[in-house]
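The values are calculated or read from the model by the stated rules, or taken from the named source; none is laboratory data. Worth saying up front: this structure is predicted, and the values here are computed from it rather than measured. Neighbour counts run over all protein chains shown; Cβ positions are idealised from the backbone, glycine included. Just so you know, the surface numbers come from the protein's heavy atoms only, side chains and all, with ligands and any DNA or RNA stripped out. Shrake-Rupley method; radii C 1.70, N 1.55, O 1.52, S 1.80 Å.
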Amino acid sequence: MIQWLIPLAILIFFELIADVLAKNWSIKGGWWLAGASLLAYLIANTFWLFALRNGSGLGRGAIIFSLVSAIIALLLGIFLYQEKVATPQMIGMVLGLISLIFIFWE
């Protein structure tokens, strides 16, 4: 198994928690939401260090992180916050999914 995938998955998980907390802070306010969001970002980026150390590679790891977190954040925005998504954004999401296939292609 590729050892760097686990810390990368944990990075993505905490990044998304931080994004949800930050979005809720932007809607409701409350310094505890801001503080919790910053803490989640700190935890997320700590796991980025472990992913790099375990061989994710800067380019490959950053691309996977960016694409997966962006796609999940877009889906959270649509389903959790009822944000509207334009056609170009949907096309970008599909192209992002396709690019993930090529990144993992051996």
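Results, tabulated for the structure shown:
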item: Any hit, segment 85-99, residues being free of Cβ contacts under 8 Å to residues at least 60 places away in the same chain, at positive phi and either exposed (fewer than 15 other Cβ atoms within 10 Å of the Cβ) or in a helix (DSSP H, G or I) (or both); result: no
item: Filter result for TYR81 (open to solvent by less than 80 Å² (accessible area, probe 1.4 Å) and part of a helix (DSSP H, G or I)); result: no
item: Matching residues, segment 43-84, being closer than 23 Å to LEU21 by Cα, of a type in the set (A, V, I, L, M, F, W, C), in contact with a helix residue (DSSP H, G or I) (Cβ under 7 Å, 6 or more places away or on another chain) and in contact (Cβ under 8 Å) with a residue 40 or more places away in the chain; result: PHE47, TRP48, ILE64, PHE65, VAL68, ILE72, ALA73, LEU76
